[in-house]
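In what follows, a single structure is set out as C-alpha cells and then discussed.
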Amino acid sequence: MSAVTPIDQAVSERICSHMNKDHSDALLAFAKHYGEAKNPVVARMLTITPNNMELEVDGVPMTIPFTHRLSDSSDAHQTLVEMVRSIKRNEE
C-alpha cells in the first residue's frame with residue numbers, strides 16, 4: 001500500500017507544475033466548463049487545496065470547487081482525471 005500524501009504546499013506546487021507544463025489543455029477546459037469562462041486563451045493552475053483549485057485565466061483569478069474534499073494527492077489525481085473525462089462526455 002502506498003503512503004498517503006496529504007495536499008500540503010509542496011504537493012500543491014508539484015501538481016500545479018505538472019498541470020501547467022503538461023496539461024494546459026485540461027486547464028483551459030476546466031476554466032471553460034467549470035468556471036464558465038467564455039473564450040479562455042491562457043489558464044494556469046496557481047494552487048490546489050483539498051476543497052478547490054485556484055486558476056489564473058487570462059490574468060483573472062478563478063476558483064473551481066471540488067465536489068468533495070480531497071483526501072490526498074492520489075485523490076487529487078483521480079479527481080482531476082475524472083473532471084476531464086466528465087467534460088469529454090458532455091462534449092459528445
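Read-outs: derived from the displayed coordinates by stated rules, not from any lab. Please read these numbers as outputs of a predicted model, since none were measured by experiment. Cβ: placed from backbone, ideal geometry, glycine included. Neighbour counts: every protein chain shown.
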Once the in-chain neighbours fewer than 8 apart are removed, the aspartates and glutamates whose Cα is under 18 Å from Lys21 read Glu13, Glu54, Glu56, Asp58
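Decide, for the range 51-92, between rounded, prolate and oblate: order the square roots of the alpha carbon gyration tensor eigenvalues as a ≥ b ≥ c, take rounded if a/c falls under 1.5, and otherwise choose prolate if a/b is larger than b/c, else oblate. Write down the numbers at each step before the final one.
Numbers: a/c = 2.28, a/b = 1.07, b/c = 2.12.
Since a/c reaches 1.5 but b/c is at least a/b, the shape of the range 51-92 is classed as oblate.
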Under 11 Å by backbone N from the virtual spin label 7 Å along Cα-to-Cβ at Arg14, the residues of the range 65-87 are 73-74
The alpha-carbon pair-distance distribution computed for the chain, with 5 angstrom bins and whole-percent values, is 3, 15, 26, 27, 18, 8, 3, 1, 0
Given all pairs of distinct Cα atoms, the range 1-47 yields a Kirkwood Rh in Å of 11.8 Å
